[in-house]
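Presented below is the structure to which this report refers.
The values are calculated or read from the model by the stated rules, or taken from the named source; none is laboratory data. What you are looking at is a predicted structure, and each value in this text was computed from that prediction instead of being measured. Cβ placement follows ideal geometry from the backbone for every residue including glycine, while neighbour counts extend to all protein chains displayed.
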Amino acid sequence: MILANEKKLDSLNSISINDLYILTDFDGTITKDNSDSSWATIFKNPKVTKEFIDECLKLFNYYHKFEIDESITLEKKISLMNEWYRKNIETLAKFEITEEIINYAANNESVMSFRNGAIEFLKAMHDKNIPIIIISAGVGNIIEQFLIRYNCNYPNIYICSNFLEYENGIIKGVRNNNLTHPLNKNEVYLPQNIKSKITDRNNILLLGNSVLDINMVNTSKNVYKLGFLDEKIEERLDPFKENFDIVCINNTSYDEIRSKIKILN
Ligand SMILES: [Mg+2]
């Protein structure tokens with residue numbers, strides 16, 4: 001089901017696709033809500049130990065509830081997310097998780113799959129040459145491998161995420177020591193080569209599945225915000241309606257979205 005601010009929707013449908021780019025979250029937005037996050041997919045590898053899984057799950061169980069709690073202060077949340085992500089990377093290194101394990105996650109359909117219609121959506125955006133910037137607090141290496149596997153790693157897609165670095169095939173840390181977590185996943189931090197692709201485009205379609213995702217954008221450009229609401233629907237509906245122009249409830253497919261946002265066809 002799609003709830004849209006009709007005025008915004010009309011306005012979005014009236015813009016030129018040459019003046020638009022897409023800024024999107026990945027986990028639960030490009031993938032299905034019931035897919036594991038790119039982090040969680042690592043646990044599904046038969047080669048990881050129970051000790052490793054337990055340590056990560058302990059972190060997840062402690063920190064995830066803050067991630068989806070819309071009532072705690074931003075300042076408090078930022079510090080909690082930083083802490084979580086730093087501990088995650090430390091745990092990967094401590095248990096000597098390998099590049100092979102990371103790539104396995106992207107190649108296993110039972111752990112990660114596209115939201116319905118997403119493959120066709122990405123292809124259509126490529127055909128229309130609309131830049132897509134994926135900003136994710138997940139694992140960039142997994143996102144990239146996942147897109148490659150489904151022949152969707154198009155040149156109009158740019159990934160800004162945590163890219164793990166390896167030494168002799170074992171995780172040592174993240175590229176440039178840059179942690180992307182739910183509260184700094186923001187286009188302000190995009191590298192210059194990505195920014196240069198979008199400077200001439202004045203309209204942004206933002207896709208996310210958390211109210212925090214609206215912070216991906218920080219600009220005077222026209223922003224059209226679309227939020228996927230699949231988890232704890234009732235208690236999060238009001239904040240979603242306040243923050244997003246278009247709210248997609250209960251596993252909305254990209255086909256349904258494109259039936260409303262006609263410029264994406
Ligand atoms: Mg997400």
Inset, instruction - Kindly indicate whether any position in region 139-147 is more than 16 Å from the ligand (Cβ to nearest atom) and touching an Asp or Glu at 6+ places or on another chain (Cβ under 9 Å). - result: yes
Legend entry - The one condition in (1) at pLDDT 95 or above; (2) under 24 Å from residue 128 (Cβ atoms) that residue 219 fails to fulfil: (1)
Inset, instruction - Could you check, for region 233-242, whether at least one of its residues is out of contact with any Phe, Trp or Tyr (no Cβ under 9 Å at 6 or more places or on another chain), free of Cβ contacts under 8 Å to residues at least 40 places away in the same chain and over 17 Å from residue 4 (Cβ atoms)? - result: yes
Inset, instruction - Collect the residues in region 19-39 that are more than 11 Å from the ligand (Cβ to nearest atom) and either part of a strand (DSSP E or B) or closer than 27 Å to residue 222 by Cβ (or both), keeping them in residue-number order. - result: 19, 20, 21, 22, 23
Inset, instruction - Please indicate, with yes or no, whether at least one residue in region 107-120 is assigned to a helix (DSSP H, G or I), crowded, with 21+ Cβ neighbours inside 10 Å, of a type in the set (A, V, I, L, M, F, W, C) and away from the ligand (no atom under 16 Å from the Cβ). - result: no
Legend entry - Selected residue (criterion: surrounded by the fewest Cβ atoms within 10 Å (Cβ to Cβ)) from residues of region 40-79 that are of a type outside the set (Lys, Arg), within 16 Å of the ligand (Cβ to nearest atom) and under 21 Å from residue 239 (Cβ atoms): 69
Legend entry - Residue satisfying all of: in region 159-183; surrounded by fewer than 19 Cβ atoms within 10 Å (Cβ to Cβ) and without any contact (Cβ under 8 Å) to a residue 40 or more places away in the chain; nearest to the chain's Cα centre (by Cα) among these: 163
Inset, instruction - Please state which one of 112, 81 is under 17 Å from the mean Cα position of the chain (by Cα) and under 18 Å from residue 61 (Cβ atoms). - result: 81
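Every residue, every condition in (1) farther than 23 Å from residue 37 by Cβ; (2) away from the ligand (no atom under 15 Å from the Cβ), yes or no:
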position	(1), (2)
167	yes, yes
172	no, yes
195	yes, yes
205	no, yes
210	no, no
258	yes, yes
